[in-house]
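The values are calculated or read from the model by the stated rules, or taken from the named source; none is laboratory data. Remember, it's a predicted structure, so these values are computed and weren't measured experimentally. Here the Cβ positions follow ideal geometry from the backbone for every residue, glycine too, while neighbour counts run over all protein chains shown. Heavy atoms of the whole protein, side chains included, go into the accessibility calculation; ligands, DNA and RNA do not. Shrake-Rupley method; radii C 1.70, N 1.55, O 1.52, S 1.80 Å.
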Amino acid sequence: SSDVCSSDLEEAEAINDGEIYTIKTLNELKLNPSRDLTCAMIGSFIGHFELYGKLIRDGIITLFKRINKEGGINRRKLRLICIEDKGNPALARKITTILRNKHNISLCIGNMGTRSLLHILPLMRSNKLSVLFPWGGDSRLRQPDIKGIINGLGFMEPQLEVLVSHVVEGLRLNKIAIFHSDGNFNTATKEKIMKIMSELDVPVKPISTA
């Protein structure tokens, strides 16, 4: 847009690096609402899920930079801030409260963790918080009456169907082992894979490791 000068774009890109905060450092957050449209991503950026957190963050930043180069949204630049919740649902709820009450941020994108998302589900139901493309697999996050959430390709069935079809029909493998944790998300995914395999006439035999 001709209304956006190059110095504005450079400044927007300089701050739009997905700064990672904790609940302790979140008070240090400085905002410029007249210039920036700030979105928050609450998730894991250290530990076992560090790779996933940073991949999601980097994807969002790439999109934001492209939008900002085209003039932003209503002449405001998209900015992403990231907050580490250590996979703790109660901590995610506290972070959300600080974002809303102290910083007036009620828009999240790419939030991670089914349990944490379910913990803030009441805020989404009451339209006090909007969450775009969360990383969670519980069916309760996909109820049509929830207006404060927009889901993306977290819907696993189409992806699982393609993967299983490739293994069975493409690679022609008929001895397949499925290893998974006992959490609700992984157990449900295992059940979906077994159903798809049975539809392709691949013998399915559950083996307990208990």
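The table that follows gives values for the structure above.
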read-out: Segment 137-208 versus segment 81-113: alpha-carbon centroid distance in Å; value: 29 Å
read-out: Accessible-area order (highest first, 1.4 angstrom probe) of the listed residues Lys102, Lys192, Lys30, Lys77; value: Lys30, Lys102, Lys192, Lys77
read-out: Kyte-Doolittle mean at least -0.5, axial Cα span of 27 Å or more - DSSP H helices of the chain; value: 50-69
read-out: Added length on full extension, which subtracts the Cα-Cα distance from 0.36 nm per residue, Ser126 to Glu199; value: 22.3 nm
read-out: Spin-label model distance (nm) - Lys192 vs Ser165, 7 Å beyond Cα toward Cβ; value: 1.5 nm
read-out: At R0 = 45 Å, FRET efficiency that the Cβ-Cβ distance of Lys24 and Gln143 yields, to 0.05; value: 0.85
read-out: Close Lys-Lys pairs in segment 42-160, where close means Cα under 22 Å and separation is 8 or more or interchain; value: 14
read-out: Label-point gap, in nm, between Met156 and Lys102 - each point 7 angstrom along Cα→Cβ; value: 3.6 nm
read-out: Given the chain, longest segment not containing exposed loop chymotrypsin sites (Phe, Trp or Tyr not before Pro) (DSSP; at most 15 other Cβ within 10 Å); value: 1-154
